[in-house]
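Q: Sharing a structure here in structure tokens format.
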Ligand code: SF4
């Protein structure tokens, strides 16, 4: 996407489909409105009752289904109630407890390190700014934005795998890098819509605009989606992921 002139009023901006800023922004807002109407019950599927629980659940959700995370955390949240509880858990025991969610060594380590940071630097409380959250060991931008949007009711663009796929199919970005996609969408939408737009895109990606078989016929944004005719294929010029090297034998 052309960077110069990201703000309305500057003439140079062009989206991946050649739309000017005003047109692209209007289309994004229309899609947001339609998705909200289509999915009035959309919600974050991870179960939690406070920011600390959401932080742990978010760490566990990498490469794992939300249902499995909820299954695992239903017991763990009874056992570990504070940042110090998590930080003080023996690593081997924690690894065993989170093992069903996959990548259990990395996840146990991330939980211990991030909660230790909370205990050491934030008095055990989960901070509510992107800068502070991403300063915690084991917490990346996506997790931090999940926290901001869903634990604190703030504004965050959550670039998960669904968001990447959909924002490219819908022609909002040509980027592949999550940070650049976040930046593109932050420039496109008013801040007050960042969190609900993220939730709607992820929900839509789960139930309708799936990776393998997007249900374009009957999709609530079909009329405003440039990928509808090609059934999810991107036919305009966007950045493609690097080709895998050929293997022999
Ligand atoms: S029209 Fe198809 S590609 Fe576009 S958002 Fe809907 S399901 Fe996805």
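Read-outs: derived from the displayed coordinates by stated rules, not from any lab. Nothing here was measured: the structure is a model prediction, and the numbers come from that model. In this analysis, Cβ positions are derived from the backbone assuming ideal geometry, glycine residues included, and neighbour counts consider all displayed protein chains.
Q: When the C-alpha atoms of region 101-238 are aligned to their principal axes, what extent does each axis show, in angstrom, from largest down?
A: Over region 101-238, Cα extents along the principal axes are 54, 34, 26 Å.
Q: Looking at the chain as a GNM with Cα springs under 10 Å, which of 64, 216, 225 has the largest mean-square fluctuation?
A: Answer for the Gaussian network model of the chain: 64.
Q: Which value, to two decimals, describes the C-alpha radius of gyration of region 51-151 once divided by 2.2 N^0.38 Å?
A: My calculation over the Cα atoms of region 51-151 gives 0.96.
Q: Which value at 222 nm does the chain reach when only helices count, each DSSP H run of 4 or more adding -39,500 (n - 2.57), with the total divided by all residues and rounded to the nearest 500 deg cm²/dmol?
A: -14000 deg cm²/dmol
Q: Quick one: helix 104-121 against the long Cα principal axis of the chain, what's the angle to the nearest 10°, folded into 0 to 90?
A: Result, in degrees: 80.
Q: Taking the Cα-to-Cβ direction at residue 137 and at residue 82 and moving 7 Å from each Cα, how far apart do the two end points lie in nm?
A: Result for the modelled spin labels: 2.1 nm.
Q: Rounded to the nearest 0.05, what FRET efficiency is calculated for residue 17 and residue 63 with R0 set to 35 Å and r the Cβ-Cβ distance?
A: 0.60
Q: Same structure again: Region 1-110: D in µm²/s via Stokes-Einstein (Kirkwood Rh, Cα pairs, 4 °C, 1.567 mPa s)?
A: Translational diffusion coefficient: 75 µm²/s.
Q: Show log10 I(q)/I(0) for the chain at q = 0.10 Å⁻¹, two decimals, from a solvent-free Debye sum over equal Cα scatterers.
A: Normalising to I(0) and taking log10 leaves -0.55.
Q: Within the P(r) computed for region 120-175, what percentage of the Cα pairs occupies the region above 15 Å?
A: 53 percent
Q: What angle, in degrees between 0 and 90 and rounded to the nearest 10, separates the Cα long axis of helix 66-79 from the longest principal axis of the Cα atoms of the chain?
A: 30 degrees
Q: Can you tell me which of 236, 86, 194 moves the most in a GNM of the chain? Springs connect C-alpha atoms under 10 Å apart.
A: 236
Q: Give the separation of the Cα centroids, region 29-74 to region 136-169, in Å.
A: 11 Å
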